[in-house]
Every structure is written in structure tokens, then in C-alpha cells.
Amino acid sequence: MNEPHPKSISPARIQNMIARESETFLSKHPKSITLAEQTQHNFLFGVPLHWMADWNTPVPLFVARAQGAEFTCVDGHQFIDFCLGDTGAMFGHSPQAVANALKTQSERGYTTMLPTADAATAGRALSERFGLPYWQMATTATDANRFALRWARAITGRKKLLVFNGCYHGTIDDVFVDLDAHDVSAPATMRASLLGQVYDLTQFSDVVEFNDIEAVKAKLASNEFACVLTEPALTNCGMVLPAEGFLRELRAVCNATNTLLIFDETHTISAGYSGYTGICYAQDGFLPDMIIAGKAIAGGIPCAVYGMSETVAQRARAAKEAAPAGHSGIGTTLSGNMLTMALLATNLNEVATESAFITMIARQTQLSEGMQSIIAHHQLPWNVTQLGARSEFQFCPTSPRNGSEAELAMDDGLERAVHLHLLNRGIMITPFHNMTLVCPDTSQAHIEQFLNAFEACLAELTSV
Ligand SMILES: Cc1ncc(COP(=O)(O)O)c(C=O)c1O
């Protein structure tokens, strides 16, 4: 039997849906509109961070409160949250144990520039979970990446960094180098959208496609690279999973060229209790040299960590001792403060547990399979890629193999239509791509509500 032809969706239909759903949104959110008018006077772009104005809504959606898997906006509408602060709230909004720890610590002080007993608890929990013995604190995953890169350069004496096309590791300058998705053989360029970038990033940063081990080998053969910094699966250009054996071979090439391998697990911790690192260790018995984790690691308050192997730690100590006294360029005043350490220890030991991951991954599997079958029913050339508790639906028939394929599958108009349609039916997914994340509080009913809304959206987009 012949396969049914995949359906295409006309641009006019997409534009109609955007126009109608935008109107619906505005009619339902008078208080958000009023607040948006007020904040226009005091915040650049009318929002605390400029990209908060880039969501798919006609005005920013102002939130009143968030709890578990849900939030309520200032107009009193309730939403099921599948964005979860783009991972920050992966373990639910205000998890109870973290909220209790916050209350307790609020009477014990926030910041002294000195360690507390929680350092012992948190350090042990991190080492046991990820398998790397030594850890340091940062306040954001951006900073953790920045500091890890400094250590890598300091201990190897090499200046260059290799990243993968389509990567995002926060606003650390060095990673913003791109290939042209339409001509990947063209020289790498700096990301065109960067503001205020004054030095040439391509001097010390280079980029190849994910899953292209030959390209990695060709670059690292020069023995000039301090490290390869990557998410074990790309999650910021849509989602790209590692091909069978790719990470194992990446580890081997890094070993052969004395290049450090750094896994940024900020998002990929969704893969399981020990992140994707746990999968690599279980399947192939290897660990990266350094690991970054942030966002969700302390239950959603600003906190990030980075870990290193015994060897990296020895070399880091030697580099520090060999350097003159003074600023290292690593660390910030509030990183590792008393409050953060208390919440980190609590979140690791009481919230982000093995059983929480089992629940989350089972729910996400249900969600992903449900989406996939709705997509198939409507004969759309889309696919769903799952990474533990998170998944991404993408506008291409099979999961992309690299950043360029993921980029070429993006469709801003279609994305806007789908996001707005879902939002007006009480479902929020991550902006700027199509990620859904579930937390331990995401229930069977939440999944069913999502799937009903998704079905209605696709039915409308494909109806004749
Ligand atoms: C993989 C990865 N690393 C690091 C970061 C930076 O996190 P933050 O914005 O909290 O500094 C992000 C942000 O999205 C990310 O996706």
C-alpha cells in the first residue's frame, strides 16, 4: 500500500489562525494589556528582559502565581505549564521541600561569602549523581559555562574552543559561532544577531555539525583546542539526539588529542537522574571531563554548578598555584551563597529524585506518543523527538541529525499559530521552538488536556 501523501498547510490558513487567536488572546487578557502599557514606561521594551517581548502573544502574558505544573495569569486564567520556565521549573513550580528550605533559611541568613554545612551535603549529592568528584558554584548556567571554559583554557594552555552548529550555552560570548545551514562548507561566522560584539569570535572559537565525527577529528587533529563544549543532545535549535556511537567516538577523539570534553547538562538533565552523562556511563562506561548544570538544579532559584574529574581538578589546582595572586576571572560574589546552597542540597536530595524522574519520563512518553499519533492521523510531515522528560515536535518528517537540519525545519509563522492556539486553550509550551517539558506534578489529566488541544489545532490547520 502506498504511504499517504504528507499534507502541507497553506500560509493563508496559518495567518488566519494567528490573526484570530491574537484577537482572542487580547479579549481574554485585559489586565495583561494594562500592565503592558504601564511597564512600557519603565522597562526597555516594556519587560524586565528584552526577549520577554518576543513570545508569540500580542502582549506579554503577566503571571500572578505558579504552583506545581500550573500557573495563573493576572486575568485569572489557569494554564498547564509545559514550558516550566524553559527548564528552571523542571521539578514543578515552588516544589514543597525547596519552599520549606527557603523558609527555614530565610531566618538564618542569605549570604556571607563563607561556606555552610549545606556545602558538604550538596557536594556529596552532586558527585554521587554525576560521577565527577569536584564541583564549583555559579549563579547561572551561562556563568558556569564561562568559568568551565576558563579552567579548560588555563589548564591546557590552549586557546581554542570547539562547539556544534546550533548550540546555545547561555550568553557566554565564545559559543556564538555558526555554520550557514544552506552552505555548511562556508567559513564559520559570528551569530549575526549579537549586539555589541567587538572582537572576532571566530579567532578562538570553531564550529562543526553535531553527529559529524569526521569533522570533529579534522578540527581536533591540530591539537589547538582546549575543549569541546556541547550538550550531549542539542536542545536549543529544536532537538537533535546523538547518533549511535557519536558521543563515544567524541570521547575517544578528545582523549587522543588531549582535548577536554565538557557536557552542558543544563537542559539534558531531563534525560534522567544523572542526565545524559548517566546514559553514557551506563552504556559505554565513560564520563566527560567537566559537567555544567543550572536552571533546575536548585529547584528554580538562580543557581548553577560545574563539576570536574580528578585529573582536571589536579591540573586546576596546579594552574591556580602557578598564577600570581589576584583575580582569577572565575566566580561572582553571590555564587554559592547560604540560601542557594540550602536549596541546592534540598532539591538534589528531596525533589530531583530517581522516582521523580521515573514519573516524569513515563508521562512524557505518553505525551510524545500521543502527539506522534495525532500528527500521523493528520498526515503531517512532522515528528516528535523525546529526551526523557522533555520532547520537541519539529516540522520535518524525521528527527534532524544536526543543527542545520533542525534550523531548516523551523517555521516561525506555523510555530506562532500553534503556540497561540494552545495558549488560548490553557496550554503553554516553550517559546522560540516547540518544546514540551513535564514535571512531577504533571498529571494524566494535564496530558489529556494537552493532547485534546493539540488535536483540535492540527484538525483546524489541516481541514479542507
Ligand atoms: C544548554 C544551556 N546551557 C546554558 C544555558 C544558560 O542558562 P542561563 O540562561 O540560566 O544562564 C542555557 C539557557 O537556555 C542552555 O540552554
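What follows draws every value from the coordinates through simple rules; no lab data is involved. These figures come from a predicted structure and were not determined experimentally. When we count neighbours, we look across all protein chains shown, and the Cβ atoms used for this are built from the backbone with ideal geometry, even at glycine.
How high is the relative contact order of the chain? Use alpha-carbon pairs under 8 Å, at least six apart in sequence, and give a whole percent.
25
Annotation for segment 178-287: trypsin sites (Lys or Arg not before Pro) lying in DSSP loop with at most 15 further Cβ atoms inside 10 Å of their Cβ are R191. Residues whose amide H lies under 5 Å from that of L260, counting only those 5 or more places away or on a different chain, are C227, V228; hydrogens are built 1.01 Å from N in the peptide plane. Using the Kirkwood radius over C-alpha pairs as Rh, can you work out the diffusion coefficient of segment 96-351 via Stokes-Einstein at 37 °C, viscosity 0.692 mPa s, in µm² per second? The estimated diffusion coefficient comes to 174 µm²/s.
For an R0 of 60 angstrom, estimate the FRET efficiency from the Cβ-Cβ distance between R20 and Y110 and round to the nearest 0.05. So the FRET efficiency works out to roughly 0.80.
For segment 28-119, state which GluC sites (Glu not before Pro) are in a DSSP loop and have at most 14 other beta carbons lying within 10 Å of their beta carbon. Passing sites in segment 28-119 are E107.
Between L408 and A318, the modelled label-to-label distance comes to 4.6 nm, taking each label 7 Å out from Cα in the direction of the beta carbon. Subtracting the Cα-Cα distance of S185 and H327 from their residue separation scaled by 0.36 nm leaves 47.1 nm. Between S8 and A362, the C-beta separation translates, for a Förster distance of 30 Å, into a calculated FRET efficiency of about 0.30. Taking the chain as the region of interest, the number of lysine pairs whose Cα atoms are within less than 25 Å, with members eight or more places apart or on different chains, is 7. The peptide list 401-411, 257-267, 453-463, 327-337, put in order of mean Cβ contacts within 10 Å with the highest first, becomes 257-267, 401-411, 453-463, 327-337. Principal axis analysis of the Cα atoms in segment 85-133 yields extents of 31, 31, 17 Å, listed in decreasing size.
Taking every alpha-carbon pair under 8 Å whose residues sit at least 6 apart, segment 361-431 reaches a relative contact order of 21 percent. For the chain, the equivalent ellipsoid derived from the Cα gyration tensor has semi-axes of 36, 28, 22 Å, listed largest first.
Among the chymotrypsin sites (Phe, Trp or Tyr not before Pro) within segment 45-109, not one is in coil by DSSP while having at most 12 neighbouring Cβ atoms inside 10 Å.
With contacts taken as Cα pairs under 8 Å at a separation of at least 6 residues, segment 96-351 carries a relative contact order of 33 percent. Calculated FRET efficiency, K217 to Q379, Cβ-Cβ distance, R0 = 35 Å: about 0.30 to the nearest 0.05.
With Cα atoms defining each centre, segment 272-319 and segment 73-88 are spaced 29 Å apart in the structure.
Amide H contacts of T140: A304, each under 5 Å away and 5 or more positions distant or on a separate chain (H built 1.01 Å from N in the peptide plane; Pro and chain starts excluded). Ordering of 306-314, 417-425, 444-452 by packing is 417-425, 306-314, 444-452, highest average first (other Cβ atoms within 10 Å, averaged per residue).
Report the percentage of all Cα-Cα pairs in segment 311-464 whose separation exceeds 19 Å, rounded to a whole percent. Percentage above 19 Å: 65.
Fully extending the segment from E460 to E249, taken as 0.36 nm per residue of separation minus the present Cα-Cα distance, adds 71.5 nm. Distance between the 7 Å Cα→Cβ label points at M52 and V198: 2.9 nm. Which net charge results when you count Lys and Arg as +1 and Asp and Glu as -1 among the other residues whose beta-carbon is under 12 Å from that of A97? Here the count lands on 0.
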